[in-house]
Amino acid sequence: MLPEVDRSREAYLCKMPLNSSPKMASQPRINSTLVSVIRMAKLSKSNAAAGPLKVFHFIHNQDRPDKAFTTERAQKAGKANAASGKIFVTVPPDHFGPITAENDPDRNQGVLVGECWEDRLECRQWGAHLPHVAGIAGQSNYGAQSVALSGGYEDDEDHGEWFLYTGSGGRDLSGNKRTNKEQSFDQKFEKMNEALRVSCKKGYPVRVVRSHKEKRSSYAPEKGVRYDGVYRIEKCWRKVGIQGFKVCRYLFVRCDNEPAPWTSDEHGDRPRPLPSISELKKATDIFERKESPLWDFDEEGSRWKWKKAPPPSKKPANAADLEEGKRTRKAIRHSRKLSTRERLLKEFGCLICQQVMSLPVTTPCAHNFCKSCFEAAFTGKTAIRERNKGGRTLRSQKNILNCPSCPTDISDFLQDLQVNRELMDVIESLKQKSEENEEPAEEEPMNDLEESTSLGSSDEKTGKKTENVDTKDDLENALPNCEEERISKRRKVDTAQVGDDDLQ
């Protein structure tokens, strides 16, 4: 427990800067960055007192139950905390195209078009779409294997045999905003969006599942999740979406040997002309495949097949266990490698450049940026717009300048931009502490291997322990002396006012 003076200091630092607007002064917002850093510092001390590090567990695929389950570690029951059941198919996670009978040892039929599951977790068990939350499965340098249509973006258009799919990103999902559907910045062709563009370039087949959550589509199932076959991405581009920010768009066209679930056809798809897309007139970054697709229609066999060998898998079929174990080992190494001070510094990241902030600026809506990044975001924009009509000068109109991370109007804040000195002092102090800890380690002599090993192990144990214990103290010492400075300033002001009263 922190003493009362420390609590008041924490509360003071979490309030708004001095140059905030009167409205924000009457309705102050909590600075979430400082709150998370203070909480992390507290936890580091409590964890050090509690004993050894937390042990990470994982379950092998053969030991998993047939359905999704909730572990004893879960705080609440329900699918929100459930783990995936056993994976029944033998395809690797980066498998492209349909899942055939040879990869279905239990049923020997593969995953058929029209097959339905209760939810995304059960869909994952049959390999149709592995992520149980994300809408895109893929790798940015390899391609996308599957997508899910679940109503995540209002720009999506579903026409059954073809649909317009919106990429991922553009939303602030930090903190408790994991389900935020408001877009606050432009999407780019990176990460999963780039994976879809790679599949478009190569002409890979992409598995598509539709969820009952897609209420705007006439082709979505009434309940659960349904596998609707493979599609091919013919074009991709960027356009300004419904919410005013750029989104990545993809044209999917069905190319499966099995008929669609909503048709009574006895045969699968045939090559069809591409639909006319009106939004392409105002689109940017348009990409259309020029080379022959790897997955194409064979006129002789009247079926879709691989024209060339499919891309080789980079992951083994039992990669679920290997990946989970790999992630566990990586998390342990990463947690041991990063010192607590480095983790604290990582929390002080600019929301634009994602680096540790330099000359931090805190907006009235409690978002933190580097001053240079913040000013660059508003280059060429003015708070006042002059208006003229017929040679007459009209009253100037105020421009609305939104925060880079939220829709809050910060035009008044931009008129008197000030660096958050308190936050800057905390960052500089943590940087200085980290540099001081690194210097002795470099100067330490290494006479012989056994001596250095024993010294390293003992220093590592004691170093970690003392570091975790002292981190919160360092943070408390790093908290600026702004209270004392402002108290002294107030005393000077009060003294001056008293002097003026006496003279009167």
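The number of residues in segment 356-409 that are farther than 26 Å from ASN180 by Cα, out of contact with any strand residue (DSSP E or B) (no Cβ under 6 Å at 6 or more places or on another chain) and of a type in the set (D, E, K, R) comes to 6. The condition (being surrounded by 20 or more Cβ atoms within 10 Å (Cβ to Cβ), more than 18 Å from LEU164 (Cα to Cα) and more than 21 Å from the chain's Cα centre (by Cα)) is satisfied by just one residue among ARG210, ARG226, ARG232: ARG226. For beta carbons closer than 8 Å, sequence separation of 6+ or different chains, a first residue in segment 417-445 that is more than 15 Å from MET357 (Cα to Cα) and a second that is among the β-branched types (Val, Ile, Thr) and at pLDDT 80 or above, the qualifying pairs are LEU417/VAL361. Filter segment 359-380 for residues that are of a type in the set (Phe, Trp, Tyr) and closer than 12 Å to ILE410 by Cα and give the result. Scanning segment 359-380 gives PHE374, PHE378. Among the residues of segment 279-296, just one is closer than 21 Å to ASP186 by Cα and hydroxyl-bearing (Ser, Thr, Tyr), namely THR284.
Restricting segment 331-384 to residues that are at pLDDT below 75 and among the β-branched types (Val, Ile, Thr) leaves a set whose member that is surrounded by the most Cβ atoms within 10 Å (Cβ to Cβ) is THR340.
Identify, from the list VAL147, VAL91, the residue that is modelled with pLDDT under 95 and hydrophobic (A, V, I, L, M, F, W, C).
None of the others qualify; the one that does is VAL91.
Note on segment 181-280: enclosed strands (runs of 3 or more DSSP E) holding 1 or more residues that are in the same structural domain as GLY97 (by the TED database) and without any contact (Cβ under 8 Å) to a residue 60 or more places away in the chain are 225-240.
Here is a yes/no grid of residues against (1) assigned to a loop (DSSP other than H, G, I, E, B); (2) more than 16 Å from LEU423 (Cα to Cα):
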site	(1), (2)
LEU351	yes, no
GLN354	yes, yes
SER358	yes, no
VAL361	no, no
CYS365	yes, no
CYS373	no, yes
ALA376	no, yes
GLU386	no, yes
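Scanning segment 105-156 for residues that are β-branched (Val, Ile, Thr) and within 13 Å of ARG207 (Cα to Cα) returns VAL111, VAL113, ILE136, VAL147.
The values are calculated or read from the model by the stated rules, or taken from the named source; none is laboratory data. All values derive from a computational prediction rather than experimental measurement. Note: ideal-geometry Cβ built from the backbone for every residue, glycine included; neighbour counts use all protein chains shown.
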